[in-house]
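Written below as structure tokens is the structure these notes are about.
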Amino acid sequence: MEPEQLIQIARETIGHAHAPYSNYKVGAALLCADGTVFTGCNVENASYGLTNCAERTAVFSAVAAGKTEFTAIAVAASKEPAPFPCGACRQVLAEFCPPGFPVYISNGGSFERVTLGGLLPNRFDLRDKRE
Ligand code: THU
């Protein structure tokens, strides 16, 4: 799938965001190795710290459906600033995705490509401890 298509799916998911406190709505689209796409949006809460970002919503939805191999993620917001994943989302992505994993960021007509390794150098990784 082309990045533009994945970004378009992320953009379409912005409308599902529950963001009454920040009024900053985010959509994410996570491409799985088998070609399926899982979407996510930010889900805020009156107890602010319980908020879940769009990226983690997408990852958790995919994992709950039995998918753990991912090819790329697109994250879209309709206004400034650009929706670069927060630290928690970077670490959650690192649980499943390698440093070269592409992250497409969009908050308008254009998009930017970065990698997970660029966003999260020196990741904490217990991969070799897995059984
Ligand atoms: N947010 C995301 O969902 N993803 C990002 O990449 C940046 C931030 C959400 C969390 C919160 O609901 C709102 O945007 C403002 O921080």
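Throughout, read-outs are computed from the coordinates displayed, never taken from laboratory work. Note that the structure is a prediction, hence the values are computed from the model and not measured. Cβ atoms come from the backbone with ideal geometry, glycine included; neighbour counts cover every protein chain shown.
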task = Counting other beta carbons within 10 Å of each Cβ, put Ser78, Ser106 in order, fewest first.
result = Ser78, Ser106
query = Karplus couplings for the stretch 3-16 from phi (6.51 cos²θ - 1.76 cosθ + 1.60, θ = phi - 60°), rounded to Hz, Gly and Pro as x?
reply = x, 4, 5, 5, 5, 4, 5, 4, 4, 5, 7, 3, x, 8
key: the chain: antiparallel DSSP beta bridges as a percent of all, rounded to 5   = 75 percent
inquiry  = So if I place +1 on the C-beta of Lys and Arg and -1 on the C-beta of Asp and Glu, and nothing else carries charge, what would the dipole magnitude of the stretch 77-131 be about its Cα centre? I want it in debye, nearest 20.
reply    = 20 debye
ask   = What 222 nm value per residue comes from the helices of the chain, counting each DSSP H run with n ≥ 4 as -39,500 (n - 2.57) and dividing by all residues, nearest 500 deg cm²/dmol?
value = -8000 deg cm²/dmol
remark   = HN-Hα couplings for the stretch 31-37 via Karplus (6.51, -1.76, 1.60; θ = phi - 60°), in whole Hz with x for Gly/Pro, come out as 8, 8, 4, 8, x, 6, 10
message = Could you compute the longest span of the chain free of trypsin sites (Lys or Arg not before Pro) located in DSSP loops and having at most 14 other Cβ atoms within 10 Å, not counting the site residues?
response = 1-78
task = Only loop residues by DSSP count here, and only those with at most 16 other Cβ atoms within 10 Å; note down the GluC sites (Glu not before Pro) in the stretch 1-86 that meet that.
result = Glu69
request  = Would you mind getting the Kirkwood hydrodynamic radius of the stretch 1-115 from its Cα pairs, rounded to one decimal in Å?
outcome  = 13.7 Å
message = Let me spell out the model: positive unit charges on the Cβ of Lys and Arg, negative unit charges on the Cβ of Asp and Glu, origin at the Cα centre of the stretch 16-120. What dipole size does that give, in debye rounded to 20?
response = 100 debye
task = Please tell me the relative contact order of the chain in percent, rounded to the nearest whole number, where contacts are Cα pairs under 8 Å and at least six residues apart.
result = 20 percent
inquiry  = Modelling each spin label as a point 7 Å along the Cα-to-Cβ direction, I'd like the Val43/Arg127 distance in nm, to one decimal.
reply    = 2.9 nm
